[in-house]
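I have placed the structure first, in the form of C-alpha cells, so that the comments after it can refer back to it.
The values are calculated or read from the model by the stated rules, or taken from the named source; none is laboratory data. Please read these numbers as outputs of a predicted model, since none were measured by experiment. Cβ: placed from backbone, ideal geometry, glycine included. Neighbour counts: every protein chain shown.
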Amino acid sequence: MANNFTRSFFLKTNLLSLTTILALFKSKETHHLNMKIFSTPLKSAHVVVHGFALAHAITAMSIISIYHTDPGIILSILTITMLIILARINDYPLDVTMALTLICCLAGFFLGTIGAEIIVKFFPVSAMTAQVITTVLVTEMLGWITYIIVRRANRKE
C-alpha cells in the first residue's frame, strides 16, 4: 500500500514539475528570455547534457533498487526537461521543440530497451547496471543530437 502511494506521489510530483516547466517556457514573460547558463550555448549544453545524464543514472539506479520497478516514466520526464532546456538555450520554437521531444522520447525508449538487452547478453552485468549504463549513453546521445539540430536551425535563420 505504501509502495503504491509512494509511486503515485513521485509520479504526480514529476508531472506537476513538468507542467510548471512547460507553462514557464510558454508564457509571454519568458518569450524573450535568453536562457544562458554560461557564456556560450556549447558550454551551457555541456552542463545540461552531462548533468541530466548523471540525473538519469541516479534516478534509474534509485528507482530500480528501492522500488524494484521500471523507471521509464520518470526518465522520460527528465529527458523532456533536458530537451526543452537545450531548445530554450538556443532560442528554438516551442512547437517544434515539442515534436522533437516526442520523437526523442520514443527513440530513447526503444534504444534504452534494446541497449540494455544487448549489454546483458554480451557482458556479465546485472540488469540494473545494464539499464543505468544504457540510460546514460542514450541520454548523452539524445542530448547532443538535439543540440546539433537546434544549433543548425539557429544558424540557418
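For this structure, a couple of remarks:
- The residues listed here are Thr135, Thr101, Thr97; of these, the one that is modelled with pLDDT of 90 or more, closer than 23 Å to Ile74 by Cβ, out of contact with any strand residue (DSSP E or B) (no Cβ under 9 Å at 6 or more places or on another chain) and assigned to a helix (DSSP H, G or I) is Thr135.
Conditions (1) within 20 Å of Leu111 (Cβ to Cβ); (2) in a helix (DSSP H, G or I); (3) of a type in the set (Lys, Arg); (4) at pLDDT below 90, marked per residue:
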site	(1), (2), (3), (4)
Asn3	no, yes, no, yes
Ile21	no, yes, no, yes
His46	no, yes, no, no
Phe52	yes, yes, no, no
Ala55	yes, yes, no, no
Ile63	yes, yes, no, no
Thr79	yes, yes, no, no
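- Checklist (1) assigned to a helix (DSSP H, G or I); (2) modelled with pLDDT under 90; (3) crowded, with 20+ Cβ neighbours inside 10 Å applied to Tyr92, failing item: (1)
- Verdict on Leu75 being in contact with a Gly (Cβ under 9 Å, 6 or more places away or on another chain), touching a residue at least 60 places away in the same chain (Cβ under 8 Å) and of a type outside the set (S, T, N, Q): yes
- Within segment 109-157, being surrounded by 20 or more Cβ atoms within 10 Å (Cβ to Cβ), touching a Leu at 6+ places or on another chain (Cβ under 9 Å) and farther than 22 Å from Ser44 by Cα holds for Gly112, Thr134.
- Of all residue pairs spaced 6 or more apart or on separate chains, those with beta-carbon atoms under 7 Å, a first member in segment 41-57 that is without any contact (Cβ under 8 Å) to a residue 24 or more places away in the chain and a second member that is surrounded by fewer than 17 Cβ atoms within 10 Å (Cβ to Cβ) and outside any helix (DSSP H, G or I) are Val47/Ile37; Val47/Phe38.
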